[in-house]
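J.: Structure incoming, see below.
The values are calculated or read from the model by the stated rules, or taken from the named source; none is laboratory data. In this text, all values refer to a predicted model and were calculated from it rather than measured experimentally. Cβ placement follows ideal geometry from the backbone for every residue including glycine, while neighbour counts extend to all protein chains displayed.
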Amino acid sequence: MLETSFHGIHLGYKAKMAEFAGFDMPIEYSGIKDEHMTVRQGVGVFDVSHMGEIWVKGPLALDFLQKVTSNDVSVLQPGQAQYSCFPNGKGGIVDDLLVYYFSQEKYLLVVNASNVEKDWNWLVSQNDRGVLMENTSDSISQLAVQGPKALEVLQKLTSVDLSAIKYYTFKVGEMAGVKDVIISATGYTGAGGFELYFYNKYAESMWKAIFDAGEEFGIKPIGLAARDTLRLEMGFCLYGNDLDDTTSPIEAGLGWITKFKDHKQFIDKDILLLQKRQGTANRLCGFEMIDRGIPRHHYAITDSSGKVIGHVTSGTQSPVLEKGIGMGYVPAEFASPGCEIYLEVRGKLLKAKVVKMPFI
């Protein structure tokens, strides 16, 4: 298994470790609920160094990204980031990603850990524009410092005005004595905070500086289990669960990152435009449990008669709401807020209702 530069630190905390995307990653430290509420109310730190970073450069970089991503890259200004996806040529999704705009000829793509090689091969296969690409995933570490106290903690370590880094923007500056750190605000928790990108050799000194600065705020390390419950409360999709090669961005409620402008020709534009106009048979919806129970990945979703109409793609017990919440694809007629659906759990049908996301 692969290890991030923080692996020894996680073992020192006696974190519960498990394989994720080929990496030995911390799943939890002090317990999911404790870690979840630490991020919602204070500040916590995630090691997300397993994520992939791919640079795209050159005179035709914008032209290339307009072709391979669903969102409109041309609207970006330097210092802005954008959520997008790679359509796969068959109406599905290769991956969802972040596009960081440095200049007209320089972009950073941040992709999911489980898809780095797949995404790289896809981009290479589509590169008919002669753009320069570099996969720097193995040399870059990333920490996500999340929660309402994140700004106060990190501001101690930099002269960059962090309050000026609005949602989906970034700056490059010095942090904890390390130069050229990418400091962004694209959080996956809905609790505010920042992501820090830097070279692996600075990993331990960066971790120590952040935890020293955050001690007065009760800062804690947070595992991937709480990352999952946090993102689910916000209704954020996870590739491999809620998105994959068989789901379209329109089905997944990601029409807002799929831009059908005349100046933008992209892979699957015709297929997805038809879906947008005609609607899709299935739609991703969020639901809350009415009956007591915790929805789990792959549980069958049924109608009142017990007929299977879909499956849970993500589910958990919400620490904030103290009830079961989940997402899944169901026929369009069942996807409207207020619709009653059922989950099949150990032979029983448990009632749930479709709700608008985010859950909190």
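J.: Among the residues in segment 14-29, are any loosely packed, with under 15 Cβ neighbours inside 10 Å and either under 23 Å from residue 104 (Cβ atoms) or not charged (D, E, K, R) (or both)?
T.: The answer is yes, given that some residue of segment 14-29 is loosely packed, with under 15 Cβ neighbours inside 10 Å and either under 23 Å from residue 104 (Cβ atoms) or not charged (D, E, K, R) (or both).
J.: Now for a different question. Please specify each residue of segment 210-251 satisfying the condition of being in a helix (DSSP H, G or I) and without any contact (Cβ under 8 Å) to a residue 40 or more places away in the chain. First the steps, then the outcome.
T.: The initial filter retains those residues of segment 210-251 that are in a helix (DSSP H, G or I), namely 210-217, 224-233.
Answer for segment 210-251, where residues must be in a helix (DSSP H, G or I) and without any contact (Cβ under 8 Å) to a residue 40 or more places away in the chain: 212, 215, 216.
J.: Now, a different point. Going through segment 259-292 one residue at a time, which ones are among the acidic types (Asp, Glu), under 18 Å from residue 338 (Cα atoms) and assigned to a loop (DSSP other than H, G, I, E, B)? Quick ask: steps written out before the conclusion?
T.: Just the residues of segment 259-292 that are among the acidic types (Asp, Glu), to begin with: 262, 268, 270, 288, 291.
Restricting the remaining residues to those that are under 18 Å from residue 338 (Cα atoms) gives 288, 291.
Correct list: 291 only.
J.: Output the number of the condition that residue 249 fails; it satisfies all remaining conditions of (1) closer than 28 Å to residue 27 by Cα; (2) buried (at least 19 other Cβ atoms within 10 Å of the Cβ).
T.: The failed condition is (1).
J.: Okay, moving on. Name the pairs whose Cβ atoms lie under 7 Å apart, with the first residue in segment 152-181 and modelled with pLDDT under 95, the second assigned to a strand (DSSP E or B), and 6 or more positions between them or separate chains?
T.: Listed pairs, sorted by first residue: none to list.
J.: Continuing with the same structure: What number of residues within segment 139-171 are within 23 Å of residue 112 (Cβ to Cβ) and surrounded by fewer than 18 Cβ atoms within 10 Å (Cβ to Cβ)?
T.: Within segment 139-171, residues that are within 23 Å of residue 112 (Cβ to Cβ) and surrounded by fewer than 18 Cβ atoms within 10 Å (Cβ to Cβ) number 3.
J.: Next question. So if I check each of 324, 286, 338, which one is in contact (Cβ under 8 Å) with a residue 40 or more places away in the chain and not assigned by TED's automatic domain parsing to the domain that holds residue 33? Please lay out each step first, then the result.
T.: On the way: 324 fails: in contact (Cβ under 8 Å) with a residue 40 or more places away in the chain; 338 fails: in contact (Cβ under 8 Å) with a residue 40 or more places away in the chain.
The unique qualifying residue is 286.
J.: If a residue counts only when it is farther than 20 Å from residue 281 by Cα, which strands (runs of 3 or more DSSP E) contained entirely in segment 294-333 have at least 2 such residues? Steps first, please.
T.: Working: elements: 300-302, 308-318, 323-331.
Of the strands (runs of 3 or more DSSP E) lying wholly inside segment 294-333, those with at least 2 residues that are farther than 20 Å from residue 281 by Cα span 308-318, 323-331.
J.: Only one of these conditions is not met by residue 255: (1) without any contact (Cβ under 8 Å) to a residue 24 or more places away in the chain; (2) over 24 Å from the mean Cα position of the chain (by Cα). Which number is it?
T.: Unmet condition: (2).
J.: Quick check: anything in segment 187-200 of a type in the set (Gly, Ala, Ser), under 18 Å from residue 102 (Cα atoms) and not in a strand (DSSP E or B)?
T.: We begin by selecting, within segment 187-200, every residue of a type in the set (Gly, Ala, Ser); these are 187, 190-193.
Pick out the ones that are also under 18 Å from residue 102 (Cα atoms) and you get none.
No, the conditions are met nowhere in segment 187-200.
J.: I would also like to ask the following. Working only within segment 92-136, note down all residues that are touching a helix residue (DSSP H, G or I) at 6+ places or on another chain (Cβ under 6 Å), buried (at least 19 other Cβ atoms within 10 Å of the Cβ) and either among the polar types (S, T, N, Q) or more than 28 Å from residue 165 (Cα to Cα) (or both).
T.: 94, 131
J.: Moving on. Identify the residue in segment 73-90 that is crowded, with 19+ Cβ neighbours inside 10 Å and touching a helix residue (DSSP H, G or I) at 6+ places or on another chain (Cβ under 8 Å) and, among all such residues, is nearest to residue 186 (Cα to Cα).
T.: Taking segment 73-90 first, the residues crowded, with 19+ Cβ neighbours inside 10 Å are 73, 76, 81-82, 84-87.
Applying the additional criterion that residues be touching a helix residue (DSSP H, G or I) at 6+ places or on another chain (Cβ under 8 Å) yields 73, 82, 84-87.
Values: 73: 16, 82: 9, 84: 12, 85: 15, 86: 18, 87: 21 Å.
So the residue we want is 82.
J.: Would you mention how many residues in segment 189-206 are on the phi < 0 side of the Ramachandran plot and surrounded by fewer than 19 Cβ atoms within 10 Å (Cβ to Cβ)? Spell out the reasoning first.
T.: Looking only at segment 189-206, we keep the residues that are on the phi < 0 side of the Ramachandran plot, and these are 189, 191, 194-206.
So of that shortlist, the ones also surrounded by fewer than 19 Cβ atoms within 10 Å (Cβ to Cβ) come out as 199-201, 204-205.
Total meeting the criteria: 5.
J.: While we're on this one: Got a sec? Which strands (runs of 3 or more DSSP E) wholly within segment 69-142 have at least 3 residues that are at negative phi and under 18 Å from the mean Cα position of the chain (by Cα)?
T.: Filter on segment 69-142 gives 81-87, 93-103, 106-111.
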